[in-house]
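Okay, so here's the structure we're looking at.
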Protein chains: 2
Amino acid sequence: MVPLFARLAILGPGLLGGSLAGAVRRGGLASEIRVWARRQAAADAVVARGWADVGTDEVAVAVDGADCIVLATPVGVMPDLARRIVDARDRLADGVLITDVGSVKGFVAERVAPVFDAAGLTFTGSHPMAGAETAGFEAARDDLFAGAACIVTPQASALPRMRAFWERLGCRLFTMTPAEHDAAVARVSHLPHVAASAVALAVLDGDGGRAAVAGKGFRDTTRIASGDPGLWTEILLENREALVAPLEDLIARLGEVLDFVQRSDDGQLRHFLAEAKTLRDQALAAPDTRSHG
Amino acid sequence: MVPLFARLAILGPGLLGGSLAGAVRRGGLASEIRVWARRQAAADAVVARGWADVGTDEVAVAVDGADCIVLATPVGVMPDLARRIVDARDRLADGVLITDVGSVKGFVAERVAPVFDAAGLTFTGSHPMAGAETAGFEAARDDLFAGAACIVTPQASALPRMRAFWERLGCRLFTMTPAEHDAAVARVSHLPHVAASAVALAVLDGDGGRAAVAGKGFRDTTRIASGDPGLWTEILLENREALVAPLEDLIARLGEVLDFVQRSDDGQLRHFLAEAKTLRDQALAAPDTRSHG
């Protein structure tokens, strides 16, 4: 396939950034891949795996001649990285497309996009909904994005190339505003994470041995609670405004169940469980690719 | 292997009972397997699959000459089934071992065991922690119990044969009193089920299309919410006394997270997530076979 980009730079080769390097290489989306990492050894590991041509700990070297740049670090680091890219703007290719893979888009729109805008560079946010409870390049896989949803919060001028990029990586594309994105991921991603952690604590605190008698249900319900606590603390707090209402909603629903159970209300409890099953079964039977918002 | 039983009867060939027939056949644990179902056609299906020798809709035929009987119906049906078995007690083999695979043991101890006790028959409760969000014999698998925990609430006289039975099916065995069992499964099984359903509702209610952008985390966290609502309503209400405290605990923990998020309390939120991860990782790294209680 014809490469979309001549030189693609990925900043931050962790699970997402590293997998992206592998997927771009595998799909032949870029003629050359450069990777920047805080530690040179981390960048070298990507080159050693054959997923990057250049590995460096200098931002200016990574983005030199790049016509596509992907920020794949924790979101909190991105404003500073953006300033370092802008400092090197004379070295970027004309019309360079800059995006990220961060989990929270309001923060990115407020703190990252303006840095690029002020320098006349085109930035558009992306969020591929892929990941794992394991973190780091060791867990990276070149098929991580296949079949995943990817939400973009586009600048109109950047949309065609962004769409082509993610779709060629196998993603189902959705477009939203940053606020719509943050409200959606607060529900579909951040709320399940908090719930999984709370269930793990409610089940195991005081007697971790209980897990020995648990079936597969407990294991699956709490799987994402094994995600990196530092990373998730950052994500949840960056999205705290959007997370409050879903959390209150979940607490209220559990309060309803408690009430049904205490009153032995067979009909209401059955309705609750049936509605959850119906919504879930219908929703997961038909993942679609329509645009939201 | 030498059969443990000459004639084993399974009453209720759904997912658990049907899988048990397959596992007993596969492991050669009984010379003959008989299956009772409310509908003759359901019993015939087990025979057609080669997992039973006799399929019948008459309890007296199923238990005729049996030296092991397993109740695998919904728990609410068991007291009546127990009376029908007692009515046929002259046809049972001497020393017949009677057990069940119900999810709640207090109810069984109060409503099922005494029926057998009064007739001088040996009943001991079992609960293999195996299952799936799919129900019915179509979903049955002869390896469903391999590696699963199985809790028995034993009569001392029945324990050696019960232990041999479940261990030969590949289960890790735990012994508990009925009250200990119900408290444990309220945490490890029933609470995750309620949480999965509540998360599914909080995420999807009002916009089922949100699931299209969800990643694997949402799918796994809510998987068991697709279980049968009727079956789970019965299970949750039969165990309602043991379920109240875990539910209150979960609600309180989610309330804590809400507070951390609203106050942007980085340290407390990180501690919460880290503790959940540590407990889960440690617990699932080392499933053991020690007896509880």
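Observations on the structure shown:
- Per-residue average of Cβ from other chains inside 10 Å of A:252-259: 6
- Pairwise burial B:A, computed as accessible area of each alone minus the pair, summed, 1.4 Å, Å²: 7900 Å²
- Heavy-atom accessible surface of region A:5-176: percent carbon and sulfur, 1.4 Å: 47 percent
- Å² per residue, accessible surface of region B:141-293 at 1.4 Å: 36 Å²
- Volume per residue that the Cα convex hull of chain A spans, once the total is divided by residue count, Å³: 147 Å³
- Think of the axis that spins chain A onto B; the A residue whose C-beta lies nearest it, and the distance in whole Å, is A:Asp220, 2.
- Here region A:5-176 has an Rg and Dmax of 14.2, 39 Å, counting Cα atoms alone.
- Look at the stretch B:181-187: the mean tally of other chain Cβ atoms within 10 Å of its residues' Cβ atoms is 4.
- Per-pair calculated FRET efficiency, R0 = 30 Å: A:Glu138 and B:His271 via Cβ, rounded to 0.05: 0.70
- Sequence of B:Glu248, B:Glu110 when ordered by accessible area, the most exposed leading, probe 1.4 angstrom: B:Glu110, B:Glu248
- Debye-formula intensities of region B:181-285, expressed as log10 I(q)/I(0) at q = 0.14, 0.15, 0.20, 0.23 Å⁻¹, are -0.71, -0.81, -1.28, -1.35 (one equal scatterer per alpha-carbon, no solvent).
- Pairwise FRET efficiency - A:Ala245 versus A:Val77, Cβ, R0 = 25 Å, nearest 0.05: 0.35
- Rounded to the nearest 10 square angstrom, B:Trp36 shows an accessible area of 10 square angstrom against a 1.4 Å probe.
- Angle between chain A longest axis and helix A:191-204 axis [Cα atoms, degrees, rounded to 10]: 50 degrees
- Overall size of the protein assembly as shown from C-alpha positions, given as principal axis extents largest first: 95, 46, 40 Å.
- Descending semi-axes in Å of region B:134-224, equivalent ellipsoid built from Cα gyration tensor: 35, 17, 10
- In sequence order, calculated HN-Hα J values of region B:257-267 (Karplus, 6.51, -1.76, 1.60; Hz; x Gly/Pro): 4, 4, 5, 4, 5, 5, 8, 6, 8, 4, x
- Measure of compaction for region B:189-248 (Cα Rg per 2.2 N^0.38 Å): 1.22
- Between A:Val213, A:Val63, A:Val86, the GNM of chain A built on Cα springs shorter than 10 angstrom shows A:Val213 fluctuating the most.
- Disulfide-incompatible cysteines by the Cβ rule (no partner under 4.7 Å) in the protein assembly as shown: A:Cys68, B:Cys68
- Per-residue ellipticity at 222 nm computed for chain B from its helices equals -14500 deg cm²/dmol, with DSSP H segments shorter than 4 residues left out and the rest contributing -39,500 (n - 2.57).
- Whole-Å distance, taken between Cα centres, linking region B:194-268 and region A:113-191: 26 Å
- Of A:Arg49, B:Arg26, the order by accessible heavy-atom surface (1.4 Å probe, DNA, RNA and ligands excluded), from most exposed downward, is B:Arg26, A:Arg49.
- In degrees, nearest ten, helix A:78-87 long axis to first principal axis of chain A (Cα): 10 degrees
- Note that region A:51-120 shows a convex hull volume over its alpha carbon atoms of 90 Å³ per residue.
- About the centre of its Cα atoms, the protein assembly as shown shows a dipole size close to 1140 debye [charges on the beta carbon of Lys, Arg (+1) and Asp, Glu (-1) only; nearest 20 debye].
- Take each residue in A:261-270, count the other chain C-beta atoms within 10 Å of its C-beta, and the mean is 5.
- Residues in region B:11-25 that a label on B:Ala119 would reach, taking backbone N under 14 Å of a point 7 Å out along Cα→Cβ: B:11
- Relative contact order of region A:117-204, taken over Cα pairs closer than 8 Å and 6 or more residues apart, is 26 percent.
- Percent accessible area from carbon and sulfur atoms, region A:181-284, protein chains only, probe 1.4 Å: 47 percent
The values are calculated or read from the model by the stated rules, or taken from the named source; none is laboratory data. Just so it is clear, the structure is predicted and the values come from calculations on it, not from any experiment. All Cβ positions, glycine included, derive from the backbone under ideal geometry; neighbour counts span all protein chains shown. In case anyone asks, the SASA skips ligands and DNA or RNA and just uses the protein heavy atoms, side chains included. Shrake-Rupley method; radii C 1.70, N 1.55, O 1.52, S 1.80 Å.
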